[in-house]
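Since the structure comes first, as structure tokens, the remarks are kept for the end.
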Amino acid sequence: MDVAPDADLEKFREEVAEFLDTAPTPEIREAGRKTTSVFGPFDQVMAWHRILHARGWSAPDWPVEHGGTGWSVEQRYVFAEEYQKRGLPPLLPNGLRMIGPLLMELGTPEQQARYLPGILSGEDYWTQGYSEPGAGSDLASLSTMAVPDGDDYVLDGSKIWTTYAHHANRMFMLVRTSREGRKQQGITFLLLDRMDLPGLEVRPIIGLDGAPEQCEVFFTDVRVPQANRVGAENDGWTVAKQLLTHERGGSAHSPMLRRRLEVARAAAAETPSGFGGTLADDPLVQRDLGELEAEVASYEHFEKLAISGHPIAQDPAYPSLNKVMSSELTQRISVLMTRVVGLDGLPDQREALHVGSAAEPLGRDLALIAMPYYLNSRATTIYAGTNEVQRDLIARTLRS
């Protein structure tokens, strides 16, 4: 990226800043303060999605022909920086960063015309039907069956950890269509047009933070048109791997990491250490803040190279490298946040975490979210492929 001063870019920054300062409602800002994972409070996030869409800014990374902004790499990064400075809730990634880009690459023209507009506008929310009770990290062992019957598939089985499935009106999923050959060879990628299909049941799972973010989904003789298949039958593993490249490396993570680190640093400067001065004066805290500052800066440079078209982004190892670095930095920053708030982070404040709640939070904003954020971040090294598997993929790439 060109880091020299650019008057046009600064003018663009001012335009973005003015919009982000005035467009979000108080409820949306509250949702940003109370976001404890990559999935913010659903109703407020989707309302914000629709506001951004009305401005034409809901999908900065999409091609113009599908409704993207046409911004340069520098403009997209400026937008991400200004967005994070204000602590606004992230838009839900399943549609904008996962199934949307996949359909642009592998979907039929009919599928693109049918599904992309609803993703862009925020009219549709897609949940991801991948993991199963016996097939999470070993996704290829999934057993939900799809049996051809006329023009349909008939689905039987279950999925778990389907984020916000109780809010979703659509699902993309992997099903088993053959048990012959290697287990990866009998998988098919399907799109579900509705979540109220006969035989489909959604059961929310209450997380440690009290929020029903994850769900179980059960299928009993659920009929899905074969026309809703992406790619060929039994070639879903290839399609799923393509989608995972977007999930692991399809957005700018460093502005969010920097924002969380700055929040922790500011809180440390206001927290008495117990030995005179504040936590920001403690040599061990200074060391950890300095190490994380350096590593976030290094990751930021890596990410800027990748999104600016550097050959590193074409390396087969890039999605795995990006996923490992961003997820582990997220976890380390979450640990620092809990250290800074100390015992103030221990009270159970689930009610106060709800947007619009009359419950007054105890202590500062960081004390409210630090522990739920820490607990949620434990999953970052598991979802989208465990980091152990990612390191194996990186090693295989380097050997080849």
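The values are calculated or read from the model by the stated rules, or taken from the named source; none is laboratory data. On a predicted model such as this, the values are computed, not experimentally measured, just so you know. Cβ placement follows ideal geometry from the backbone for every residue including glycine, while neighbour counts extend to all protein chains displayed. Surface areas here come from the heavy atoms of the whole protein model, side chains and all, with no ligands, DNA or RNA. Shrake-Rupley method; radii C 1.70, N 1.55, O 1.52, S 1.80 Å.
Take every Cα pair under 8 Å whose residues are at least 6 apart in sequence, average their separation, divide by the length of the range 249-398, and the relative contact order is 26 percent.
Between the residues Tyr318, Leu305, Leu353, the greatest Cα displacement towards the positive end of the dipole of the range 249-398, with unit charges on the Cβ of Lys, Arg, Asp and Glu, is found for Tyr318.
Solvent-accessible surface of the range 249-398, taken per residue with a 1.4 Å probe and all protein chains present: 49 Å². Within the listed set Arg33, Arg176, Arg114, the Gaussian network model of the chain (springs between alpha-carbon atoms below 10 Å) gives the highest mean-square fluctuation for Arg114.
Nearest 20 debye, what's the magnitude of the dipole of the chain about its Cα centre given +1 on Lys and Arg Cβ and -1 on Asp and Glu Cβ?
It works out to roughly 680 debye.
Look at the dipole of the range 150-237 built from charges on Cβ: of Gln184, Phe172, Cys215, the Cα furthest out on the positive end belongs to Gln184. Farthest toward the dipole's positive end in the chain, which of Ala232, Ser137, Tyr77, given Cβ charges of +1 (Lys, Arg) and -1 (Asp, Glu) about the Cα centre? Final value for the positive-end residue is Ser137.
Test of understanding: what is the full-extension gain from Glu110 to Phe275, defined as 0.36 nm times their sequence separation minus their Cα-Cα distance? Mind dumping the intermediate values first?
Details: separation 165, 0.36 × 165 = 59.40 nm, distance 6.63 nm.
Contour length minus the Cα-Cα distance gives 52.8 nm.
Of the peptides 19-28, 66-75, the order by per-residue mean of other Cβ atoms within 10 Å, starting with the highest, comes out as 66-75, 19-28. When only alpha carbons are used to place a centre, the range 197-241 and the range 312-349 end up 28 Å from one another.
Once the Cβ-Cβ distance of Leu9 and Asn169 is raised to the sixth power relative to R0 = 51 Å, the FRET efficiency obtained is 0.85.
Counting other Cβ atoms within 10 Å, which GluC sites (Glu not before Pro) in the range 167-234 have at most 12 and lie in a DSSP loop?
Working: sites: Glu180, Glu201, Glu213, Glu216, Glu233; in loops: Glu180, Glu213, Glu233.
The qualifying sites are Glu180.
Calculate for the chain the 222 nm mean residue ellipticity that helices alone would give, adding -39,500 (n - 2.57) per DSSP H run of length 4 or more and normalising by residue count, nearest 500 deg cm²/dmol. Mind showing how you got there, number by number?
Values: 13 runs with 181 residues, N = 400.
Calculated from helices alone, the mean residue ellipticity at 222 nm is -14500 deg cm²/dmol.
Assuming R0 = 60 Å, what is the FRET efficiency of Ser137 and Thr25, from their Cβ-Cβ distance, to the nearest 0.05? Calculated value: 0.95.
Taking the Cα centre of the range 9-91 as origin and charging only Cβ (+1 Lys, Arg; -1 Asp, Glu), how large is the dipole, in debye to the nearest 20? If you can, show how the numbers build up before the last one.
Working: 10 positive and 13 negative charges, 48 e Å.
The dipole of the range 9-91 has a size of about 240 debye.
For the range 178-221, applying the loop criterion from DSSP together with a ceiling of 14 other beta carbons within 10 Å to the trypsin sites (Lys or Arg not before Pro) yields Arg179, Arg182, Arg194.
Any idea what the dipole of the range 249-398 comes to, in debye rounded to 20, about its Cα centre with Lys/Arg Cβ at +1 and Asp/Glu Cβ at -1? Mind dumping the intermediate values first?
Numbers: 14 positive and 19 negative charges, 73 e Å.
Magnitude of the dipole: close to 340 debye.
Distance between the modelled labels on Arg203 and Ala395, one decimal in nanometres: 3.8 nm (7 Å Cα→Cβ projection).
So if we plug the beta-carbon distance of Asp196 and Ser72 into 1/(1 + (r/R0)^6) with R0 = 35 Å, what FRET efficiency do we get, rounded to 0.05? Efficiency for this residue pair is about 0.25.
Note on the chain: with neighbouring protein chains present and a 1.4 Å probe, carbon and sulfur make up 54 percent of its accessible heavy-atom surface.
Consider the candidate values [x] 21.1; [y] 19.3; [z] 32.5; state which one is mean projected area of the Cα convex hull in nm² computed from the structure displayed. Of the listed options [x] 21.1; [y] 19.3; [z] 32.5, [x] comes from this structure. For the range 354-376, the residues whose backbone nitrogen is under 11 Å from a point 7 Å from the Cα of Ala266, taken along Cα to Cβ, are 365-366.
As a rough guide to protection, the peptides 387-394, 325-332 ranked by mean Cβ packing within 10 Å, highest first, stand as 325-332, 387-394.
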